[in-house]
There are 2 protein chains.
Amino acid sequence: MNTLLIGATGGIGQALARHLAGRASRLWLSGRNGQILAGLARDLSALAVPAELGHELEVQALAEEVGPLDLLLYAAGAVQKAGVREQNLADLERLTTANLTGLALLLKYARFNPQARVAVLGVYPDLVSVPGLSAYVATKLGAEGLVNVARKEFRREGVRFCLVRLPAVATDLWAPLGGAPKTALHPEVAAVRILEGVLAEPMADMLEIR
Amino acid sequence: MNTLLIGATGGIGQALARHLAGRASRLWLSGRNGQILAGLARDLSALAVPAELGHELEVQALAEEVGPLDLLLYAAGAVQKAGVREQNLADLERLTTANLTGLALLLKYARFNPQARVAVLGVYPDLVSVPGLSAYVATKLGAEGLVNVARKEFRREGVRFCLVRLPAVATDLWAPLGGAPKTALHPEVAAVRILEGVLAEPMADMLEIR
C-alpha cells in the first residue's frame, strides 16, 4: 500500500503517521515542519518528502517522486481567528493554500493505482461556522466542494474519495483560537477512527467522526 | 435605499440593475465590463463605480465612495470548465477572486445602515457538483461558508444576510460550458424573483429559486 500523508507534522498527521507505519508498504510523509518531518520519518522508517503546497512545481515533483498511490491522506490545514472586518488578505491566501489549493494541486498531479483511496480531513460546517472563522470555514467548505467534484471525475480511474468530518481535535491548530475545547478528541483517538473508516471495505463517501 | 450592485454587467446583474433602478434612492453599479457599465449607469441614472475585486485598495475606495449601504447585492461570478487534472492555477485564482475573495473584501470594508441587507448569489451545490466544475463549486461553496460566518458577526450591527440559491440561468456565464441548458431560467425572471425575496419583510436567510 503505497501511501502519501500530507500534513504529517500536524497533531493529527503525526498520529496518523504512527498508525500507518505498520500498514503501508511504503509511507511517504510531507509536512511544513522540516525538523519534525525528518525525525518522524526516521522513527517510522518512512520517507520524508517536504513540499510547499502552494508551489505547483514542488507539488508536481512530489507526486512524481512518490509514484502511483494506493492511499492519499490529506491532513494539511491552517486556521486563523479574525473577524471579517479584520481579515488580512495574506492570511486568507495562506489558509486557501493549506486548506484548498494544496489539495487541488495534489489531485492534479497525483497518480493512482486501481482501487486507490483518497481521504480528506474536513469539518462539520455548522460546528465551525462561528464568528472569527470565516476564512477557515470558506476554505474548508471549498475543499469539500472540490472533493465532491473530484470524486466524480476520478471514478473512471477507480479512485474513491472519503470526506472525513472531524469534531474538535486537541492539536496545535487550536493555538490561535485560545486552545482546544475540553471536549476535544485526543489526536490518537481521531487517528485510529479515521484509519478504521478509511481502510474499511467498502470505504464510505463520508466518514462522520464524533 | 442606498444600494450597491456588484457584478452589474453580467446577465443577471444587468436585469437586477434595471429592476432596482426604480426602487433604490441611490444605485451604485460595479462590474468588470467598463463599457457596458457606463451605458447601463447612464440609461438607469445610476452611478458607475468600476473596481477590480481582487485589488484590496480598489475595493476599499469603492466602499468609501458609496457610503453606508442599505442593500448590497453580490452578483459577481466567474466559471470555467476544466477537469481537476487540467486545472490551471491562474484560472483557479481568477475564480477565487470573483466568487470568494471579492466578497470577503467587500464585507471587510462596506459600511451599513441599521437593518441593511446583503444578498449573495449562490448555487445548489448538488446541481453544480459535476465533472469539470471543481474550481467553480469550491469557490461558490467557499462563499457560502463566508456568508454563514459573516451573518453571525454582523448580526450585532443589524445587518441581515440572504444566500440566494439559483438554478441555471441563461447568461453568458454558460458560454465556457457550451451554452445554458434549455431549462435555464431567463435572467429577467431570475432578477424579479431575487428582488422579491431580498426585499421581502422579513428577508429569509436562504432564498431558494426554482
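What follows draws every value from the coordinates through simple rules; no lab data is involved. Since the model is a prediction, treat every value here as computed from it, not as a measurement. Positions of Cβ are generated from backbone atoms using ideal geometry, with glycine treated the same way; all protein chains shown enter the neighbour counts.
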Quick check: anything in the range A:57-64 in a helix (DSSP H, G or I), within 10 Å of chain B (Cβ to nearest Cβ) and of a type outside the set (A, V, I, L, M, F, W, C)? no
Kindly indicate whether any position in the range B:65-77 is crowded, with 16+ Cβ neighbours inside 10 Å, within 11 Å of chain A (Cβ to nearest Cβ) and aliphatic (A, V, I, L, M). no
On the basis of being surrounded by 23 or more Cβ atoms within 10 Å (Cβ to Cβ) and among the polar types (S, T, N, Q), does A:Ser45 make the cut? no
Residue in the range A:200-209 that is in contact with a Cys (Cβ under 9 Å, 6 or more places away or on another chain) and part of a strand (DSSP E or B) present: yes
Inside the range B:85-113, the number of residues satisfying the requirement of being more than 10 Å from every other protein chain (Cβ to nearest Cβ), touching a residue at least 24 places away in the same chain (Cβ under 8 Å) and out of contact with any strand residue (DSSP E or B) (no Cβ under 9 Å at 6 or more places or on another chain) is 3
Criterion (without any contact (Cβ under 8 Å) to a residue 24 or more places away in the chain and crowded, with 17+ Cβ neighbours inside 10 Å) met by exactly one of A:Val189, A:Val123, A:Val128, A:Val164: A:Val128
Tell me which residues, restricted to the range A:11-42, are surrounded by fewer than 22 Cβ atoms within 10 Å (Cβ to Cβ), within 15 Å of A:Leu69 (Cβ to Cβ) and of a type in the set (A, V, I, L, M, F, W, C). A:Ala24
Elements of type helices (runs of 4 or more DSSP H) in the range A:114-199, at least 2 residues being away from chain B (no Cβ under 14 Å) and within 26 Å of B:Leu107 (Cβ to Cβ): none
On the basis of being out of contact with any Phe, Trp or Tyr (no Cβ under 7 Å at 6 or more places or on another chain), touching a residue at least 12 places away in the same chain (Cβ under 8 Å) and under 25 Å from B:Gly67 (Cβ atoms), does B:Ala150 make the cut? no
I'd like to know if the range A:57-66 contains one or more residues that are in contact (Cβ under 8 Å) with a residue 12 or more places away in the chain, in contact with a Phe, Trp or Tyr (Cβ under 6 Å, 6 or more places away or on another chain) and not β-branched (Val, Ile, Thr). yes
Determine whether the range A:37-44 contains at least one residue that is in contact with a Pro (Cβ under 8 Å, 6 or more places away or on another chain) and at negative phi. yes
